[in-house]
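Worksheet: one structure, shown below.
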Amino acid sequence: MSFHITLSGLNAVNEQLNTIGDNIANAATVGFKSSRVDFATFYAEGQAMGVEVRGHTQSVSSVGLQTATNRELDLAIAGGGFFVVRAANGVVSYTRAGMFNLDKDNYIVNSLGHKLQGYPVDAAGNLMVGTVTDLQIGSANLPAKATDAMEFVANLDAGEQVPTSPFDPADQTSYNSTYTSQVFDSLGREHTLTQYFIKTGDNQWVVRYAVNGQVVESAPGTPLVHNLSFDAYGTLAGGQQVTLDFAPGGGAAPLSIAVDYTGTSQMGSQFLVTTSRPNGHASGERTGLLVDNEGRVYATYSNNQRLLQGQVVLASFANPEGLSKTSGTAWVETASSGKPLLMAPGLGPLGLINAGRLENSNVDLTAELVQLMEGQRNYQANTTVLSTTKELTQALFAAI
């Protein structure tokens, strides 16, 4: 019986040493989670049978330190959750190792070619939340977009005097203030939109417009004049919006720009523009990628624009310790782990995404080396018992 008991001890310690060796071997593996062996006594009808390995406990919930890499597709999770990746054969696995790249088809993949999962976008660039699929980055250039709206907020100086000269863009005494913004036509060419602010009386102003130095007209031969009125407290009371129609020429489509003056004031301080935000842009080539804290993936372009490509989803489990390890520093679900709950980063128990960083292994190398020495001592002790039992058995047979 003692042979069997000692053999169970040797087998158990050997399993422990295998686990410790696996932890030490992966001390530098990104996203790796250490494990330990759980032992339990083994009895049969009250008779001691030694020890048995009841299972392995993973430290999945213990996060490792993060290291900055400054790679745009190196991703770390600041908190709970797993990245979701799908192999070519359709098998889905879960990982904390956020080392991703683009493949030849512009899918976001890990080193095994497994595709990162997330919410895609529709043709209008809106997230299709609820649909989880392979994340793919568009490869086409960003086409030009004509300016069709502009937010403009400023303070007009209430202390200004009414100009006495007829309006003339070349005569600075014929208007009180001016401001120039850049707008784009349908071919992506830049144009200068200039606004001239002219005080006409108490709390009353008009705005005139020119594009590329040419006066904007409301009808052929009639310059566009937009009225702004303010109340006794300097708040804009009338003239919040106006539409400018202009033909830029050169084969481009006519421009129609809705200007919104909401928030503009008239106070006794100098003319100050706080917002001049026309939309539209020139065409641009893709220059890189950007992933924000909530996992939204943007393509960036040479015209300083960015376009949403999708959003990374993370998975949470009722019992993450019940996941089963697989190759590639990943896990697969089991009956013990429960089904995954997929959500955007930052929701519920899920952490936010840190782009340009990687999560290191959570292995405590010092603790593993101490356990290694304890395991060696236990192995030697069991071999001593085995050796003693052998000697006693030999002595017994010699006496018979």
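Details
- Helix-only mean residue ellipticity at 222 nm for the chain, each DSSP H run of n ≥ 4 adding -39500 (n - 2.57), per residue, nearest 500: -5500 deg cm²/dmol
- Pairs exceeding 22 Å between alpha-carbon atoms, taken from K104/K145; K115/K339; K33/K339: K104/K145.
- Solvent-accessible area assigned to carbon and sulfur over the stretch 1-123 amounts to 53 percent, based on a 1.4 Å probe.
- Nearest 10 degrees, 0 to 90: helix 2-25 Cα axis against the chain principal axis: 20
- Calculated from backbone phi, Karplus (6.51, -1.76, 1.60) coupling profile of the stretch 144-152 in Hz, x at Gly/Pro: 5, 10, 6, 5, 10, 8, 8, 8, 9
- Environment charge at G55 (Cβ cut-off 11 Å; Lys +1, Arg +1, Asp -1, Glu -1): -2
- Acute angle (nearest 10 degrees) that the helix 365-399 long axis makes with the longest principal axis of the chain, alpha-carbon atoms: 20
- Accessible area in the full protein assembly, largest first, 1.4 Å probe, for Y107, Y94: Y107, Y94
- Mean accessible surface per residue for the chain, computed with a 1.4 Å probe while every protein chain stays in place, in Å²: 51
- Formal net charge of residues neighbouring V225 (Cβ-Cβ distance under 15 Å; K, R +1; D, E -1): -1
- Summed residue charge, Cβ within 12 Å of L314's Cβ, Lys/Arg positive, Asp/Glu negative: 0
- A simple rule links phi to the HN-Hα coupling: the Karplus curve 6.51 cos²θ - 1.76 cosθ + 1.60 with θ = phi - 60°, which for the stretch 338-343 gives x, 6, x, 10, 9, 8 Hz, with x for Gly and Pro.
The values are calculated or read from the model by the stated rules, or taken from the named source; none is laboratory data. In this text, all values refer to a predicted model and were calculated from it rather than measured experimentally. We place every Cβ from the backbone using ideal geometry, glycine too, and count neighbours over all the protein chains shown. Surface areas here come from the heavy atoms of the whole protein model, side chains and all, with no ligands, DNA or RNA. Shrake-Rupley method; radii C 1.70, N 1.55, O 1.52, S 1.80 Å.
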